[in-house]
Amino acid sequence: THKVTHIYAVPLLWNNVAKGVLRKAKLQGEETYEKLLNACDLSIKIQRRLGEAGRKFVSGMFFKDIQEKLVGSSVQFLISGGGHIQPETLKIINAIGYPLYSGFGMTETGIDSVELSGKIDNRLDAGVGKPFQPMEYRIVKERPDAATGELQIRGEAIHSGRMVDGVYIPRETADGGWFASGDIVREVDGRYFIEGRLKDVIVGESGENVYPDELEDSFSELPHAENICVVGIAAKGVYDDTALIVSIGEHTGDEVKVQEMIAEITRINGLLPIYKKIKRAYISLDPLPLANGIKVRRQKVKEALERGQGRFEEIDVRGGI
């Protein structure tokens, strides 16, 4: 018989797996939960010191039961791609002995890179590695001293064109055959890190770029929230107001639960750096639009808010500012 050794999935799956592991531990009591967290910290230290041998050791010694309840012990390689993954997810899944790596690819270009280092710290920092042959990466920056820029890709795997309503449209490339990905990236020692989509980046009054994916991580555990998203809402002048939108599904109209959620939003907002603080927050009385039933369509939410469409109730989070 053959066993599963490799799994490739979007971040939503891995985020849910990690949350499920933590949730089950919490249900067994605070002591069990604390033991799990301590075991995870110890696992990371062992893997940092012993590498692959350390991973196999912690898998059999600490987390065999957890692995058997998930996808078994035969898995050798996990890849997360297609979007931003939460740092806590990378920590939990790698700690329990599953080697979860981040990768990057597009429908138009295929899978272009995956982190391949055996070092656990390179798995935990969500780098997507270096481009595979024959693909090439370059970063196009707005100014030379910028830390990030748009990722452009060149290589034989790029699509030749697309069909739209029966009409063939050739691919669009820049000088030298470079294809614009629409993703904001940074590069450190030849390794690439995806910061977010170009169209989603928020530029506030401080002039600092705010990446919605990163900010959403801070609010990912809001009580009673069904879906959340962060967008930039047009304000006066050239800057945007950073806004958090939450849908709470069946809890809509439950004043006690709404107030619990608002209190947590305010608390978290108060802990954020000044340039990352949200300036507006809304409860959506309708489900937020999803792409493929998975990821909130930020631009649709942004357009609805700016045009005064949809059913949104603004809530006061000034206590966190």
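Toward the positive end of the charge dipole of the range 220-321, with +1 on the Cβ of Lys and Arg and -1 on the Cβ of Asp and Glu, the farthest Cα among 274, 262, 290 is that of 274.
Using the average count of surrounding beta-carbon atoms within 10 Å as a protection proxy, the listed peptides 169-180, 252-263 rank, highest first, as 252-263, 169-180.
Using only the alpha carbons of the range 112-214, what is the convex hull's orientation-averaged projected area in square nanometres? Provide the component values of the computation, followed by the final result.
Details: hull surface 35.4 nm².
That works out to 8.9 nm².
Determine the sum of side-chain charges near residue 288: Lys and Arg each +1, Asp and Glu each -1, restricted to other residues whose C-beta is under 11 angstrom from that of residue 288. Net local charge, residue 288 excluded: +2. Surface analysis of the range 19-150 yields an accessible area of 54 Å² per residue, using protein heavy atoms and a 1.4 Å probe. Within the straight-line cut-off of under 19 Å between alpha carbons, the lysines reachable from residue 24 are 35, 64, 69, 91, sequence neighbours fewer than 8 places apart in one chain being disregarded. Atom-type composition of the exposed protein surface of the range 28-179 places 51 percent of the accessible area on carbon and sulfur (1.4 angstrom probe).
The length gained on full extension between residue 167 and residue 294, counted as 0.36 nm times the residue separation minus their Cα-Cα distance, comes to 42.8 nm. Working note: Cα gyration tensor of the range 201-281, eigenvalues times five, square-rooted, sorted largest first, giving semi-axes of 24, 12, 11 Å.
Taking every protein chain into account, the accessible area of the range 204-299 amounts to 49 square angstrom per residue (probe 1.4 Å). Our coupling estimate for the range 181-193, obtained by passing each phi through the Karplus curve with A = 6.51, B = -1.76, C = 1.60 and θ = phi - 60°, is 7, x, 9, 8, 9, 10, 10, 9, 6, x, 9, 10, 10 Hz, Gly and Pro reported as x.
Calculate the FRET efficiency for residue 306 and residue 3 from the Cβ-Cβ distance with a Förster distance of 41 Å, rounded to the nearest 0.05. Working from the Cβ atoms, E equals 0.20. Sequence-distant contacts, meaning Cα pairs under 8 Å at least 6 residues apart, place the relative contact order of the range 137-190 at 38 percent. Gain on full extension, evaluated as 0.36 nm per residue between residue 138 and residue 256 minus their Cα-Cα distance, stands at 37.4 nm. Each Lys or Arg adds one and each Asp or Glu subtracts one; over the other residues with Cβ under 11 Å from the Cβ of residue 79, this totals 0. Highest GNM mean-square fluctuation among 16, 209, 292, for the chain modelled with Cα contacts below 10 Å: 292.
Across the range 27-158, C-alpha contacts under 8 Å between residues 6 or more apart give a mean separation that, scaled by the residue count, equals a relative contact order of 18 percent. At each listed q (0.11, 0.23 Å⁻¹), what is the log10 of I(q)/I(0) that the Debye formula gives for the range 234-310 modelled as equal alpha-carbon point scatterers? With no solvent term, the Cα-only Debye profile gives -0.34, -1.24.
With a 10 Å cut-off between alpha carbons and a GNM built on the chain, which of 118, 161, 72 moves the most? Top of the fluctuation ranking is 161. Keeping the other protein chains in place, figure out the carbon and sulfur percent of the accessible area of the range 241-296, with a 1.4 Å probe. The C+S portion of the solvent-accessible surface of the range 241-296 is 56 percent. Taking all Cα pairs closer than 8 Å and separated by 6 or more residues, the relative contact order of the range 54-106 comes to 45 percent. When the chain is treated as a GNM with alpha-carbon contacts under 10 Å, the residue of 29, 103, 182 showing the greatest mean-square fluctuation is 29.
In terms of Cα atoms, the Rg and Dmax of the chain work out to 21.3, 64 Å.
Extension gain residue 226-residue 70, at 0.36 nm per residue separation less the Cα-Cα distance, in nm?
53.8 nm
The values are calculated or read from the model by the stated rules, or taken from the named source; none is laboratory data. None of these values were measured; they are calculated from a predicted model. FYI the Cβ positions are ideal-geometry reconstructions off the backbone, even for glycines, and counts take in every protein chain you see. Surface areas here come from the heavy atoms of the whole protein model, side chains and all, with no ligands, DNA or RNA. Shrake-Rupley method; radii C 1.70, N 1.55, O 1.52, S 1.80 Å.
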